[in-house]
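What follows is a short report on a single structure.
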Amino acid sequence: MQSILNPPLPFENLSKPLQTMINEKAEVLILKKGEDSFLSEEFMKYVYVIQKGKLKSYQLNLDTGKEQILYIYKNNMIVDTTTILDGEEHDVCYEVLEDCKVMVLSISFIRELIYNYPEFSQKFFLYISKQMRYLEEMVTDISLYPTSERLIKLIIQDYNKENLFRFNILEGLSHSETAKLLGTVRHVVERHIKELKRDNLIDVVKRKIQIKDANLLLDKIHLLA
């Protein structure tokens with residue numbers, strides 16, 4: 001039985017016959033960094049699965065220019081499950097953060113997999129549950145905890161393979177994009193990163209945050225609480 005805590009993603013570790021059927025139905029799309037990649041109406045027809053690279057979904061306040069990143073999608077993640085479930089357009093923006101290779105499948109085929117193949121549907125609904133818990137945690141963190149604590153938590157989660165939507169998302173990410181994940185602005189993130197470097201808790205090498213002492217970093221959260 002697969003672990004409920006850290007299940008395979010819906011398109012991972014499938015039986016050979018099911019994987020063959022999916023491969024026969026799939027098309028491949030290549031997206032370049034910086035592209036505004038999708039229109040919401042496309043999700044009424046197709047489902048996109050990231051095979052390589054990173055893509056973000058976000059909401060934007062057109063009056064203030066403020067942006068909140070919702071997800072950073074990476075290997076084998078389904079981009080936007082909402083329309084699969086309710087059949088309605090989902091008004092969200094997308095941008096390619098790294099060159100992406102994307103598997104494209106019709107939404108009707110995905111629904112067929114959910115309805116008729118328990119092997120797939122079990123993984124799909126576990127994936128949905130992970131999404132719901134992630135969004136609940138994000139809203140709670142933004143509402144209840146200071147930016148400094150949210151940043152430390154994000155850095156720690158970036159190294160945790162069991163944290164599906166936070167693991168390995170910070171590498172190559174600018175301070176501006178990190179701020180949009182945390183619901184703040186770039187200069188605040190930069191200030192906190194400098195403080196953590198000054199305290200010898202982290203280092204930054206080639207836009208990758210490296211933890212020097214995880215226990216002390218966790219203690220820092222307790223001190224801030």
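The values are calculated or read from the model by the stated rules, or taken from the named source; none is laboratory data. Note that the structure is a prediction, hence the values are computed from the model and not measured. Ideal geometry is used to build each Cβ from the backbone, glycine not excepted, and the neighbour counts take in all protein chains shown.
Summary of values
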| item | result |
| --- | --- |
| Qualifying residue in region 47-61 (condition: touching a residue at least 60 places away in the same chain (Cβ under 8 Å), out of contact with any helix residue (DSSP H, G or I) (no Cβ under 6 Å at 6 or more places or on another chain) and of a type in the set (A, V, I, L, M)) | no |
| Looking only at region 157-189, and only at residues there that are under 16 Å from residue 72 (Cα atoms), assigned to a helix (DSSP H, G or I) and out of contact with any helix residue (DSSP H, G or I) (no Cβ under 8 Å at 6 or more places or on another chain), the one that is modelled with the lowest pLDDT | 157 |
| Inter-residue pairs, beta-carbon under 9 Å, first closer than 12 Å to residue 134 by Cα and in region 156-184, second of a type in the set (Phe, Trp, Tyr) and buried (at least 18 other Cβ atoms within 10 Å of the Cβ), 6+ apart | 157/165; 164/127; 165/71; 165/73 |
| Qualifying residue in region 151-161 (condition: touching a Ser or Thr at 6+ places or on another chain (Cβ under 7 Å) and outside the structural domain of residue 66 (by TED's automatic domain parsing)) | no |
| Region 69-103 - residue that is of a type in the set (S, T, N, Q) and within 13 Å of the chain's Cα centre (by Cα) and, of those, surrounded by the most Cβ atoms within 10 Å (Cβ to Cβ) | 81 |
| Close pairs from region 83-111: first hydroxyl-bearing (Ser, Thr, Tyr), partner crowded, with 19+ Cβ neighbours inside 10 Å and part of a loop (DSSP other than H, G, I, E, B), Cβ under 7 Å, at least 6 apart | 94/37; 94/38 |
| Residue in region 190-199 that is out of contact with any helix residue (DSSP H, G or I) (no Cβ under 6 Å at 6 or more places or on another chain) and either of a type in the set (Val, Ile, Thr) or buried (at least 18 other Cβ atoms within 10 Å of the Cβ) (or both) present | yes |
